[in-house]
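For reference, the structure is listed below as structure tokens.
Only the coordinates and a few stated rules stand behind these numbers; no lab work does. Predicted model, so just to flag it, every value in this text is computed and none were measured. Here the Cβ positions follow ideal geometry from the backbone for every residue, glycine too, while neighbour counts run over all protein chains shown.
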Amino acid sequence: MTDTLWTGLDQLTENLEILYRDLHRHPELPLQEHRTAERVAQTLDMLGYDVTEHVGGTGVVGILRNGEGPVVMLRSELDALPVQEKTGLPYASTARAVGPDGRDTPVMHACGHDMHITCLIGAATLLAQATDAWSGTLMLVFQPAEELACGARDMVDDGLFDRFPTPDIVLGQHIVPYPAGTIAYGSGTVMAAMDAANVVLHGRGGHGSSPESTIDPVLMAAHVITRLQGIVAREVAASERAVVTVGRLQAGTKDNIIPDTAELGVNVRSFSAATRSTVRQAIERIIQSEADASGAPKPPEVEWTIEAPATENDPEATATTIAALTAHFGDECVTEVPPVSASEDVGVFGTACGAPTVFWFLGCLDPADCAAAAQGAGLKSQLTNHSPHFAPLIRPTLPAGIQALVTAAMTWLGRQSS
Ligand code: ZN
Ligand code: ZN
């Protein structure tokens, strides 16, 4: 790869640290990424990209046409999470916002999407500076609402691949709790499918001293939760994998009042279509049956609110891309890993446009913490994505992420003969 591509990377990283800290201080909830999208759009515009805002809500698309050649799509997310930041960093977020439930909530870039944005802006800068090194079309996609698993779908439904060129390859990365400066990857299924349901169980409230005159939705919820844990243990084959988590349980206001309803938030991870269907059907069956067993006055409500497919890395495209990343970073910095139970909606893009997807993981933590974990101490939960303590090292994560995106893009863009 031509060395001129990396000209000014140090200075660029220094400038982008300011952008990163600014984005980190100003996180926005999914579907509310207005300020973030505007900053991205302004920056791409200054770099000479053809910028379109408000694609599928707050999504931003930047196109750089540079002669004949493949269309290479690079993707980042824009959104943050309802988490109270506890990192103690000088640029920690104190932001608050009103969530979809109408409640005021703290907001934090606890999944690292601010790092993804900054890395992609960095790659956009280097590639725009070096147009004599490649030919083709760069398509940068900054999507909203990854954390709700609906942003990619919203952009596709808003005509992403009708209004803009159709990519020949979809590339993206996500920071993970591995040593900063390293890359991890998988081939085939790399991340789980995710489904989430809001469940309302109906009972009949009354005085806590007279349960015989009520139908207790709290007890009903307890049975549902316990029984749901039997799905993976008893209905999923040992050769398959799935996760069923009840992450939310809300009922009642006081110890001596039996409430009318109980609500559950159920989250499912699976890797194959067959297991996904088995688990979802079992969840609905158990909820209905437990409501019947309690003599519920009304059928339970099960609303599937998130349905994201598994992330599939095209094996051939992955091998080609990883070979380039390995040549750039060195063998010792690139590792193959098994599929992870986290989920993503990046796969929606490749499926919609018929292009292969290659999605890799970028380490972002102090290697000493990762080494301690490898020696059996276990990774402190505070170091993982979505934790209030999640604090990626800006260096070398940022320059490594920029180089990974540029290297991967250059693998697919046409080369100009000079
Ligand atoms: Zn996340
Ligand atoms: Zn994420």
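P(r) tail for the stretch 193-307, what percent of Cα pairs lie past 23 Å?
On the way: 1991 of 6555 pairs.
Considering the stretch 193-307, 30 percent of its Cα-Cα pairs are separated by more than 23 Å.
In the stretch 213-312, what trypsin sites (Lys or Arg not before Pro) fall in a loop by DSSP, with at most 11 other Cβ atoms inside 10 Å?
For trypsin sites (Lys or Arg not before Pro) across the stretch 213-312 that sit outside H, G, I, E and B with at most 11 neighbouring Cβ atoms in 10 Å, the list reads 254.
Once the Cα atoms of helix 9-25 and of the chain are each reduced to a long axis, what angle between those two axes, in degrees from 0 to 90 to the nearest 10, is obtained?
Compared with the principal axis, the helix lies near 20 degrees.
According to the Kirkwood expression over distinct Cα-Cα pairs, how big is the hydrodynamic radius of the chain, in Å?
Numbers: mean 1/r = 0.0437 Å⁻¹.
One decimal place: 22.9 Å for the Kirkwood radius.
Output ³J(HN,Hα) for the stretch 106-121: one whole-Hz value per residue in order, computed from phi by the Karplus curve 6.51 cos²θ - 1.76 cosθ + 1.60 with θ = phi - 60°, and x for Gly and Pro.
Result, rounded to whole Hz: x, 10, 8, 7, 8, 10, x, 5, 5, 5, 4, 4, 5, 4, 6, 5.
Based on the Kirkwood radius over alpha-carbon pairs, what is the Stokes-Einstein translational diffusion coefficient of the stretch 261-396 at 20 °C with 1.002 mPa s viscosity, in µm²/s?
Details: Rh = 19.1 Å.
The Stokes-Einstein estimate is 112 µm²/s.
Where Rh is the Kirkwood radius over the Cα pairs of the stretch 195-256, the temperature 20 °C and the viscosity 1.002 mPa s, what D in µm²/s does Stokes-Einstein return? Please report the intermediate quantities before stating the final value.
Values: Rh = 13.8 Å.
After rounding, the answer is 155 µm²/s.
Order these by the 10 Å Cβ neighbour count, fewest first: 36, 7, 326.
Working: 36 26, 7 13, 326 17.
Ranking 36, 7, 326 by Cβ neighbours within 10 Å, fewest first, gives 7, 326, 36.
Among the DSSP beta bridges whose two residues both lie in the chain, what percent are antiparallel, rounded to the nearest 5? Let's see the in-between values first.
Working: 50 of 73 bridges.
So the antiparallel bridges in the chain amount to around 70 percent.
How would you rank 175, 394, going from fewest to most other Cβ atoms within 10 Å of each one's own Cβ? Present the calculation step by step, with values, prior to reporting the outcome.
Working: 175 26, 394 20.
Going from least to most buried by this count: 394, 175.
Arrange the following residues from fewest to most other Cβ atoms within 10 Å of their Cβ: 119, 150. Don't jump to the answer; show the numbers that get you there.
On the way: 119 28, 150 23.
Placing the least packed residue first, the sequence is 150, 119.
If the elastic network links every pair of Cα atoms under 10 Å, which of 168, 292, 158 fluctuates the most in the Gaussian network model of the chain?
The residue that fluctuates most here is 292.
Sum -39500 (n - 2.57) across every DSSP H segment of at least 4 residues in the chain, then divide by the residue count to get the 222 nm mean residue ellipticity, nearest 500.
Values: 11 runs with 146 residues, N = 418.
That calculation yields -11000 deg cm²/dmol at 222 nm.
Could you tell me the calculated FRET efficiency between residue 7 and residue 35, based on Cβ-Cβ distance and R0 = 30 angstrom, to the nearest 0.05? Let's see the in-between values first.
On the way: r = 31 Å, r/R0 = 1.03.
Here the calculated transfer efficiency is 0.45.
Shape verdict for the stretch 11-166, please, from the Cα gyration tensor: rounded (a/c under 1.5), prolate (a/b greater than b/c) or oblate. Mind showing how you got there, number by number?
Numbers: a/c = 2.79, a/b = 1.45, b/c = 1.92.
Taking the square roots of the gyration eigenvalues as a ≥ b ≥ c, the stretch 11-166 is oblate.
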